[in-house]
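Structure first, commentary second.
The values are calculated or read from the model by the stated rules, or taken from the named source; none is laboratory data. The structure displayed is predicted, hence computed values, not measured ones. Cβ placement follows ideal geometry from the backbone for every residue including glycine, while neighbour counts extend to all protein chains displayed.
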Ligand SMILES: Nc1ncnc2c1ncn2[C@@H]1O[C@H](COP(=O)(O)OP(=O)(O)OP(=O)(O)O)[C@@H](O)[C@H]1O
Ligand SMILES: [Mg+2]
C-alpha cells in the first residue's frame with residue numbers, strides 16, 4: 001500500500017534545543033495514525049514540518065507524494081490542519097469562519113457555502129453558527145476548528161491534540177467525526193497524550209519521547225509484544241481460612257504460578273502461559289471456597305507505553321492538564 005507520509009532521519013533544532021533527534025516513520029494511505037507522547041516530545045514540531053509550516057533541519061520528509069520542505073502551498077491544498085490552538089477569527093460567526101477557510105483554500109463560493117452548511121448540520125450547531133466565534137464554549141470552538149480543516153475536503157487530516165482540555169461530550173463528537181471521515185477514505189494523522197484515545201482511534205501508533213520515536217507498530221502488535229504472561233484474578237465469596245495452604249494447593253496444579261492475595265477476597269495468579277481457568281476453580285470448589293468471579297487481566301497499551309518509553313502514564317496526563 002502507498003505511504004502518504006514518509007519521514008526519514010528527520011532532525012530539527014531551535015537554537016540549542018534539539019526538538020527532533022532523527023525520527024523515522026511512515027503513514028499508510030487510509031489509516032488513522034497516532035503520534036503518542038508527553039509534553040515537549042516533538043509532536044507539534046513534526047506536524048509543522050510535515051505540513052510545510054516549518055523547515056526540517058535535516059533528513060527527508062514527503063507528504064502526499066511531495067517533498068514537504070518549502071512546499072507549504074501545494075501541501076496545504078491537499079491536507080487539513082487542526083492546530084493545537086484555534087486559528088479561527090473571534091469576530092466572525094461560525095459559518096463565516098468556515099467559508100473564510102474555504103476561500104483561503106480556493107474553494108468556490110457556492111461550494112464552500114454548501115460544505116459549511118453541511119458541516120454545521122453534521123455538528124448539530126444550528127443557531128450557534130450565526131453567533132460570533134468568541135461567544136462559543138471551548139468544546140464548540142474545537143469542533144468548529146476541526147470543521148474548518150475540512151471545507152476543502154483534504155485527503156489527509158492532521159489533528160494536533162484534538163481533544164485536550166475540552167468537555168467529554170465534545171471530545172466524543174470529535175472522535176466520532178474522525179472515525180467517520182476515515183471510514184469515508186480520509187487518512188488521519190493525530191497527536192495525543194491520551195493513551196486510551198490512541199488505543200480507541202488509531203490503527204497504528206508511534207511512541208515519541210524527547211525527540212525520538214521509541215516504537216511504532218499496530219495496536220495489535222504492541223499488545224502482543226507486552227508479553228504472554230496471564231494474570232488471573234479470582235474473587236472469593238469469603239476469605240480463605242488458610243491462605244498458605246490454598247497457595248500450596250494451587251502450586252500443586254500450576255507449579256509456575258505466582259500466587260498472591262492483593263485483597264482479603266481476591267486471589268491473583270500470575271502464570272507464564274495461558275492458564276486453563278477450570279483447574280483452579282475446581283480446586284477452590286473441592287476446598288469449599290466459593291468463587292464469585294474469575295477474570296483474565298489483560299495487559300493494556302498503557303503498560304506497553306510505560307515499559308517502552310519509561311514515561312509514567314500518570315505523569316503524562318498530569319503535566320498536560322496544568323497548561
Ligand atoms: N518555536 C520554538 N522555539 C524554541 N523551542 C521550541 C519551539 N517549538 C518547540 N520548541 C521546543 O521543542 C521541543 C518539542 O516541542 P513540541 O512543541 O514539538 O512538543 P509537543 O510534543 O508538541 O509538546 P506538547 O505536548 O507540549 O504540545 C520542546 O522542547 C519545545 O520546548
Ligand atoms: Mg504540541
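Values computed for the structure shown
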| quantity | calculated |
| --- | --- |
| Set 320, 307: member being in a helix (DSSP H, G or I) and at pLDDT below 75 | 320 |
| Residue identified as in contact (Cβ under 8 Å) with a residue 60 or more places away in the chain and more than 16 Å from ligand 2 (Cβ to nearest atom) among 144, 156 | 156 |
| Any pair with Cβ under 9 angstrom, 6 or more apart, that starts in the stretch 262-291 at a residue that is without any contact (Cβ under 8 Å) to a residue 12 or more places away in the chain and ends at one that is surrounded by 15 or more Cβ atoms within 10 Å (Cβ to Cβ) and part of a helix (DSSP H, G or I) | 286/249 |
| Among the residues listed as 294, 286, 257, the single one being over 40 Å from the mean Cα position of the chain (by Cα) and either within 28 Å of residue 205 (Cβ to Cβ) or at pLDDT below 90 (or both) | 286 |
| Helices (runs of 4 or more DSSP H) within the stretch 33-128 that include 3 or more residues within 16 Å of ligand 2 (Cβ to nearest atom) | 43-50 |
| Within the stretch 18-29, tally of residues that are in contact (Cβ under 8 Å) with a residue 24 or more places away in the chain, within 22 Å of residue 186 (Cα to Cα) and either under 16 Å from the mean Cα position of the chain (by Cα) or assigned to a strand (DSSP E or B) (or both) | 3 |
| Filter result for residue 8 (more than 16 Å from ligand 1 (Cβ to nearest atom) and in a helix (DSSP H, G or I)) | no |
| Output for the stretch 11-29, where each listed residue is in contact with a helix residue (DSSP H, G or I) (Cβ under 8 Å, 6 or more places away or on another chain) and more than 7 Å from ligand 1 (Cβ to nearest atom) | 12, 20, 23 |
| Filter result (buried (at least 18 other Cβ atoms within 10 Å of the Cβ) and closer than 15 Å to residue 63 by Cα) within the stretch 7-22 | 7, 10 |
| Selection status of residue 145, within 16 Å of ligand 1 (Cβ to nearest atom) and within 11 Å of residue 97 (Cα to Cα) | yes |
| Filter pass, residue 197 being assigned by TED's automatic domain parsing to the domain that holds residue 86, within 17 Å of the chain's Cα centre (by Cα) and surrounded by fewer than 18 Cβ atoms within 10 Å (Cβ to Cβ) | no |
| Residues within the stretch 129-138 that are surrounded by fewer than 14 Cβ atoms within 10 Å (Cβ to Cβ) and in a helix (DSSP H, G or I), tallied | 4 |
| Among residues of the stretch 288-302, those that are surrounded by 15 or more Cβ atoms within 10 Å (Cβ to Cβ) and within 30 Å of residue 237 (Cα to Cα), counted | 5 |
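Listed here are the residues, each with its yes/no results for (1) surrounded by fewer than 17 Cβ atoms within 10 Å (Cβ to Cβ); (2) closer than 19 Å to residue 177 by Cβ; (3) touching a helix residue (DSSP H, G or I) at 6+ places or on another chain (Cβ under 8 Å).
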site: 87; (1), (2), (3): yes, yes, yes
site: 92; (1), (2), (3): yes, no, yes
site: 96; (1), (2), (3): no, no, no
site: 103; (1), (2), (3): yes, no, yes
site: 106; (1), (2), (3): yes, no, no
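Here's the yes/no breakdown for (1) within 22 Å of the chain's Cα centre (by Cα); (2) closer than 18 Å to residue 27 by Cβ; (3) within 16 Å of ligand 1 (Cβ to nearest atom):
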site: 55; (1), (2), (3): no, no, yes
site: 62; (1), (2), (3): no, yes, no
site: 73; (1), (2), (3): no, no, no
site: 88; (1), (2), (3): no, no, no
site: 107; (1), (2), (3): no, no, no
site: 110; (1), (2), (3): no, no, no
site: 136; (1), (2), (3): no, no, no
site: 151; (1), (2), (3): no, no, no
